[in-house]
Amino acid sequence: RDALKALSARSEIPEKENAYLVETIKTDNINEDSIYERVKKISPDVIVILGGYILKSRLLELAGSAVNMHSGYVPFYRGVNGIENAILNNDFEHIGVTIHYATKEVDAGEIIKIVTGDERLPRDEFFRSLNDSAIEEYVNIIKLII
């Protein structure tokens, strides 16, 4: 449990900086018709994906770009639990977060950036640093795309 908690460690974001600048849709089922209709109505320039959902093609096609932040080092670890699988395989060279364009194939779109950490850091610091760096890079990439 401690190890799994460490995997998702992130620094606290001040509430002021955590405010959403654009409309955000939170859902338990990203592919339901009501979400599709809302996104279609918004007609976004970019869809930003953060989480374990796989978007159907019809949703991805509503924006000029769809960008995903995947907790895994693509192409070595696609799909769910990428970092966990690298650890289980003792493949510490491939612990990282991949920022890539989303396509209908899972974690197969063009890679924009792979974020890795400093493996010399203690476990908790390593994952906090990795996750913080990945989020910072992701936000900067989205800003550039927009």
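In table form, for the structure just shown:
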{"item": "Taking only Cα atoms of region 9-130, radius of gyration then Dmax in Å", "result": "16.0, 48"}
{"item": "Mean separation of Cα contacts under 8 Å, 6 or more apart, over the residue count of region 11-124: relative contact order %", "result": "19 percent"}
{"item": "Estimated vicinal HN-Hα couplings, Hz - region 117-129 in sequence order (Karplus 6.51, -1.76, 1.60; Gly, Pro = x)", "result": "x, 8, 5, 7, 6, x, 3, 4, 5, 4, 6, 4, 5"}
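Taken together, the values in this text are just the output of simple stated rules run on the coordinates, not laboratory data. Bear in mind that the values here come from a model prediction, so they are computed numbers and not experimental data.
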